[in-house]
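Just below is one structure, and these are the notes that go with it.
The values are calculated or read from the model by the stated rules, or taken from the named source; none is laboratory data. Note that this is a predicted model, so its numbers are computed, not measured. Here the Cβ positions follow ideal geometry from the backbone for every residue, glycine too, while neighbour counts run over all protein chains shown.
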Amino acid sequence: MNLFKDFEKRVVNALQTLKCVQEQAGNVSFERVGVEPPRDQSHGDLSTNAAMVLAKGLGTNPRALAEDLCRVLEQDDDITSISVAGPGFINLKLSPAYWQKTLAAIIKSGDGFGRGTPGQTGAVNVEYVSANPTGPMHVGHCRGAVVGDTVANLLDFVGHDVTREYYINDAGGQIDVLARSVYLRYRQALGEDIGDIPADLYPGDYLVPVGAALAEEFGETLRSMKQAEWLPIVKDHSIDAMMSMIRDDLAALNIKHDVFFSERQLHADDGKLIRGAINDLTFKGHVFKGKLPPPKGQVPEDWEDREQTLFKSTAVGDDQDRPLIKSDGSYTYFAADVAYFRDKFERGFDEMIYVLGADHGGYVKRLEAVAAAVSEGRSKLTVLLCQLVKLYRDGEPVRMSKRAGDFVTLRDVVDEVGRDSVRFMMIYRKNSEPLDFDFAKVTEQSKDNPVFYVQYAHARCHSVFRQAREMFPNVDIDSVDLSKKVVDRIIEESEIQLVAKLAAFPRVVEAAAKFREPHRVAFYLYDVASAFHAHWNKGKDSTELRFINHTNPELSLARLGLVKAVASVLRSGLSITGTNAPVEMR
């Protein structure tokens, strides 16, 4: 049940009874008519812009249209008061009976409240993390991992067919560096004194066990081979070891991908997939021979002062054309991007979402151009950029890792503060804004720690049920249909306010999914927790407001229905964020 959509329908139905609307039947669009919470709660429960957006087209003024509309809406039994504000906004106050009906629907829906119908809203591919397989994941990857996974959870919740994908960058020069670094550790495992690690190799101790595993499997064999012989062997083993480490790091964050796509697939068979993608663009008229002007500032590696094969990306929204083939005949990194998008498109996705670090901001236009050219506008591309995370401990910057030596690993953070704290805090700010993460603050048990505050609210809900079972041992509370008990009994103002907060969940989730903004869910959960804790505290001052009243079992059961609804919404929201909903906290 979505009360906002419910009242949008009621407003539209009321509009259709007005003479000025009937006179223009078929010419009036109600698409811009909306119902939402008013900015000021004292104005009512709902507000509609109907008169503001329709008056001009109907040849009247908003205030007059609003007053006509009010005369129809005030006949609705679920509306207790209605008023026109400012130039024509309409504010509605709903009856306690409507809120009781809404609460009953939330209780009946349980964990399905706000959830969309599976498979009704299209197939979406969400690609996130995609860290180079050259070492453990660092905290910079962490935010993109959590944002991407939460967006995927959101889209799944509202009904999309979601594929979670990881693109393995295993075809570039960094993989050669990795293999040479591991080979050095292999020689070390055989007893050779390797001295200081050369500056052009990866120095991390995480490569020591990889080298040791090679020594155990191959003995001295690799050392007797030429580089051209041992390099592909070490590459394969190194990538497998790094991806195993990365999968373990992701599992610590409760993240599992459906697809791990290897870049090497694109280059297999002499780049068959890349060649096919370029041929497809050529057939569609997006490829030409030409020269690129020298770029301003730092010259990129793929720029060459010669005629070359170019993607006419400026014709589809990019700020410059892009090279596809180098002078030596090899494909550019961008050509692989084209082939990768084409592969996704041919897999049937309606939208591709890329979650990238803020340093990839320059890739947005070129990726959008690729999407426009390859899919000819039939598939949407969305890029979410995640700003940097700065780590602090009691206000002091945290810089070094215990494992990597020169950066903080994701596992270091998870091991210290726990998965739930990391996940919730990584989305407790819009992904396009920088995030400060303080180890001390995310572990303290207070209102200032959002994840604790939300989880504590859920645990408190369960403590209320434990208390009720003790107080009413002769009542089988778990078998009672609490949705029927709330009718005519949930009437206190603070209770109604809490129900209104819960009723907003479908709207919040829908908007968070639509705009790909998971922070909205985290903020909402904190608001619900605050409202619940506030109501709990009122019960300390007034016994009449307490959830459990030993002299009135029926009222207690009604309020247990409210508590059950709070727990259900918190649990659903926490599941979207990928965090646990504990039933007890000590």
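The table below gives the values:
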{"item": "Pairs where the first residue, in the stretch 132-156, is assigned to a helix (DSSP H, G or I) and the second is buried (at least 24 other Cβ atoms within 10 Å of the Cβ) and among the hydroxyl-bearing types (S, T, Y), C-beta under 6 Å, 6+ apart", "result": "G144/Y128; G148/Y128; T150/T577"}
{"item": "Condition met for V126 (among the aliphatic types (A, V, I, L, M), in contact with a strand residue (DSSP E or B) (Cβ under 8 Å, 6 or more places away or on another chain) and touching a residue at least 24 places away in the same chain (Cβ under 8 Å))", "result": "yes"}
{"item": "Check on S575, modelled with pLDDT of 95 or more, among the polar types (S, T, N, Q) and touching a helix residue (DSSP H, G or I) at 6+ places or on another chain (Cβ under 8 Å)", "result": "yes"}
{"item": "Count of residues meeting criterion [more than 29 Å from S494 (Cβ to Cβ) and charged (D, E, K, R)] in the stretch 29-50", "result": "2"}
{"item": "Residue among I278, I246, I255 that is of a type in the set (V, I, T) and in a loop (DSSP other than H, G, I, E, B)", "result": "I255"}
{"item": "Residue that is surrounded by the fewest Cβ atoms within 10 Å (Cβ to Cβ) [pool: residues in the stretch 1-56 that are among the charged types (D, E, K, R) and either at positive phi or assigned to a loop (DSSP other than H, G, I, E, B) (or both)]", "result": "E31"}
{"item": "Counted residues, the stretch 125-146 - those being farther than 14 Å from N169 by Cβ and touching a helix residue (DSSP H, G or I) at 6+ places or on another chain (Cβ under 7 Å)", "result": "9"}
{"item": "Some residue of the stretch 121-130 being in a loop (DSSP other than H, G, I, E, B), surrounded by fewer than 19 Cβ atoms within 10 Å (Cβ to Cβ) and in contact with a Pro (Cβ under 6 Å, 6 or more places away or on another chain)", "result": "no"}
{"item": "E517 vs. criteria over 21 Å from Y98 (Cβ atoms), among the acidic types (D, E) and surrounded by 17 or more Cβ atoms within 10 Å (Cβ to Cβ)", "result": "yes"}
{"item": "Qualifying position, being closer than 30 Å to H160 by Cα and of a type outside the set (S, T, Y), among A531, A567", "result": "A567"}
{"item": "Test: residue in the stretch 286-297 that is part of a helix (DSSP H, G or I) and either free of Cβ contacts under 8 Å to residues at least 24 places away in the same chain or closer than 16 Å to A339 by Cα (or both)", "result": "no"}
{"item": "Answer residue from the stretch 477-495, given it is touching a residue at least 40 places away in the same chain (Cβ under 8 Å) and closer than 18 Å to H462 by Cβ and is surrounded by the most Cβ atoms within 10 Å (Cβ to Cβ) among those", "result": "L482"}
{"item": "Any hit, the stretch 465-479, residues being assigned to a loop (DSSP other than H, G, I, E, B) and under 19 Å from S530 (Cα atoms)", "result": "no"}
{"item": "Pick from the stretch 542-562, criterion part of a loop (DSSP other than H, G, I, E, B) and touching a Gly at 6+ places or on another chain (Cβ under 8 Å), ranking: surrounded by the most Cβ atoms within 10 Å (Cβ to Cβ)", "result": "F547"}
{"item": "Residue count, the stretch 396-438 (criterion: modelled with pLDDT of 90 or more, of a type in the set (F, W, Y) and within 28 Å of Y202 (Cα to Cα))", "result": "1"}
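Here is a yes/no grid of residues against (1) at pLDDT 95 or above; (2) in contact with a helix residue (DSSP H, G or I) (Cβ under 6 Å, 6 or more places away or on another chain):
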residue: V28; (1), (2): no, yes
residue: V33; (1), (2): yes, yes
residue: D40; (1), (2): no, no
residue: A50; (1), (2): yes, yes
residue: K56; (1), (2): no, no
residue: A66; (1), (2): yes, yes
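This table checks each residue for (1) surrounded by fewer than 12 Cβ atoms within 10 Å (Cβ to Cβ); (2) closer than 21 Å to V383 by Cα; (3) among the aliphatic types (A, V, I, L, M).
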{"residue": "A315", "(1), (2), (3)": "no, yes, yes"}
{"residue": "D318", "(1), (2), (3)": "no, yes, no"}
{"residue": "D321", "(1), (2), (3)": "no, yes, no"}
{"residue": "G329", "(1), (2), (3)": "yes, no, no"}
{"residue": "A336", "(1), (2), (3)": "no, yes, yes"}
{"residue": "A339", "(1), (2), (3)": "no, yes, yes"}
